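First the structure, in the form of structure tokens, and then the observations on it.
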Amino acid sequence: MQNFDYIELADFRSALQSDYAEMQNCAETQAWKSAQVLAGSIVECLLVDYLASQYKEKKEGKDPLKMDLGEAISACKASGALTERTADLCAVVRSYRNLIHPGRMVRLGEKSPNKASCSIAVSLIDMIVDDIARTRRGVVGLTGEQILSKIRRDDQVLPILKHLLEDVREQQRLRLVTELIPGAYGVLFSDEAEADRLSASYRIVFNSLPDALKTEAVDRFAIMLREQDGDTIATYRSAFFSGFDIEYLSPQYLPIVKEHLLNCMRPTISFGNIRAITGLGKFLSVGEAVKWVGPIVNTILSSAAPDRLKERVRDMAISSTAGTSTEFDAAVYTRLDGWISKYEAEGNLRNVQILRSLRDDFSIPF
């Protein structure tokens, strides 16, 4: 099914998709006249939309909203938006409005639609979409919907995504990280490969944004904490958020985000939350140091946690101490030293060895 992903206005795109689906249903049930009328209407909308976008920028020539279909076809052909072949095939739907009035059909000698003319009309839409999408890409770049479509259907997209983004305007990239990619991820049920691809694509797109738009994107997470339910927040957090993103967070949202992430760590850390808390340490106060290091130790010492989880938590903890303050480091060191003394007194040499190794890996200079 044609998705009209080069069209930026969501309501207009949705209306076209609905008409396209209805047209296909009519063609499948051999309702040739209905299918051809819908095809003509869609063709006219596509051409006038393109011409209107050009008219808005240049303010030259006749207002496209006042053109009939024949004029729109000629104008699009003249501008290079339609190939000559596509423009010629448009003759099949040029008089589609006459089909609505039986009397007019008789007076003008219009032929009744049939399977052949309907097939051309339906195929014509895909040809027009291809022509105009190519033209618009050269003028305004790719839309967020086009990039999302590429991400979802191409399992080799990640290595080239940063190059594709060079043809995407900043506001379209912002839509990708605030609306389109999270929205697509939210409706996935069992395709783990696509889910992983969407998650990785989010990070690539996010990194391509200027700092001001990164702030806008990260602030959406804080707003989500206030307005959304727990499952929605957990899904977004595990798939897209990183503790390093706090660097771009507006100051008024810092307390709620920090408290939320610290709470996600208790009592032990799960695989799903590692991304979200990585890099968190740099933004914590001295008083939050114990809240941060406690779940890390609990997870690493847990007999129930798998070794792979312990390794990832350890790596996360070490990377998260980069850029932390001297006072924060001292508080972490003091807490670790307290645990080490406790386990030494209990004769628990296993835990003593693990914690000493963790302390050494933190490279805290005390």
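The values are calculated or read from the model by the stated rules, or taken from the named source; none is laboratory data. Since the structure is predicted, the reported quantities are computational estimates derived from the model, not experimental observations. Here the Cβ positions follow ideal geometry from the backbone for every residue, glycine too, while neighbour counts run over all protein chains shown.
Quick look at the values:
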quantity: One residue from Gly138, Gly144 being crowded, with 19+ Cβ neighbours inside 10 Å and among the small types (Gly, Ala, Ser); calculated: Gly144
quantity: All positions within segment 233-283 that are within 25 Å of Tyr185 (Cα to Cα) and assigned to a loop (DSSP other than H, G, I, E, B); calculated: Phe241, Ser242, Leu249, Met265, Ile269, Ser270, Thr278, Gly279
quantity: Criterion (at pLDDT below 95 and either touching a Gly at 6+ places or on another chain (Cβ under 8 Å) or surrounded by 15 or more Cβ atoms within 10 Å (Cβ to Cβ) (or both)) met by exactly one of Tyr343, Tyr333; calculated: Tyr333
quantity: Flag for Glu327 being part of a helix (DSSP H, G or I) and touching a Lys or Arg at 6+ places or on another chain (Cβ under 9 Å); calculated: no
quantity: Scan of segment 42-84 for residues that are polar (S, T, N, Q) and surrounded by fewer than 18 Cβ atoms within 10 Å (Cβ to Cβ), ordered by number; calculated: Ser53, Ser74, Ser79, Thr83
quantity: Residue, modelled with the highest pLDDT, within segment 90-149, restricted to residues that are of a type in the set (Lys, Arg) and in a helix (DSSP H, G or I); calculated: Lys115
quantity: Segment 227-252, residues that are free of Cβ contacts under 8 Å to residues at least 40 places away in the same chain, under 15 Å from Ser285 (Cα atoms) and not aliphatic (A, V, I, L, M); calculated: Glu247, Pro251
quantity: Cβ pairs under 7 Å, 6+ apart, first in segment 109-133 and over 27 Å from Ser79 (Cβ atoms), second outside any helix (DSSP H, G or I) and of a type outside the set (Asp, Glu); calculated: Glu110/Ser95
quantity: Members of segment 1-33 found to be in a loop (DSSP other than H, G, I, E, B), under 16 Å from Leu46 (Cβ atoms) and not aromatic (Phe, Trp, Tyr), listed by number; calculated: Met1, Gln2, Asn3, Asp5, Ile7, Glu8, Leu9
quantity: Looking only at segment 72-87, and only at residues there that are assigned to a helix (DSSP H, G or I) and touching a Leu at 6+ places or on another chain (Cβ under 9 Å), the one that is nearest to Ser123 (Cα to Cα); calculated: Thr86
quantity: First in segment 19-34 and of a type in the set (Phe, Trp, Tyr), second anywhere and loosely packed, with under 13 Cβ neighbours inside 10 Å, Cβ under 6 Å, 6 or more apart; calculated: Trp32/Asn114
quantity: Where a residue in segment 150-168 is assigned to a helix (DSSP H, G or I) and its partner, wherever it lies, is basic (Lys, Arg), with Cβ under 7 Å and at least six apart; calculated: Ile151/Arg197; Leu158/Arg197; Leu164/Lys150; Leu165/Arg173; Asp167/Arg137
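The rows are residues; the columns are (1) assigned by TED's automatic domain parsing to the domain that holds Phe328; (2) crowded, with 20+ Cβ neighbours inside 10 Å.
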residue: Val218; (1), (2): no, yes
residue: Glu227; (1), (2): no, no
residue: Gln252; (1), (2): yes, no
residue: Pro255; (1), (2): yes, no
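Yes/no matrix, rows are residues, columns are (1) under 31 Å from the mean Cα position of the chain (by Cα); (2) assigned by TED's automatic domain parsing to the domain that holds Gln252; (3) within 14 Å of Leu261 (Cβ to Cβ); (4) in a helix (DSSP H, G or I):
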{"position": "Val297", "(1), (2), (3), (4)": "no, yes, no, yes"}
{"position": "Ile300", "(1), (2), (3), (4)": "no, yes, no, yes"}
{"position": "Ala305", "(1), (2), (3), (4)": "no, yes, no, no"}
{"position": "Leu309", "(1), (2), (3), (4)": "yes, yes, no, yes"}
{"position": "Asp315", "(1), (2), (3), (4)": "yes, yes, no, yes"}
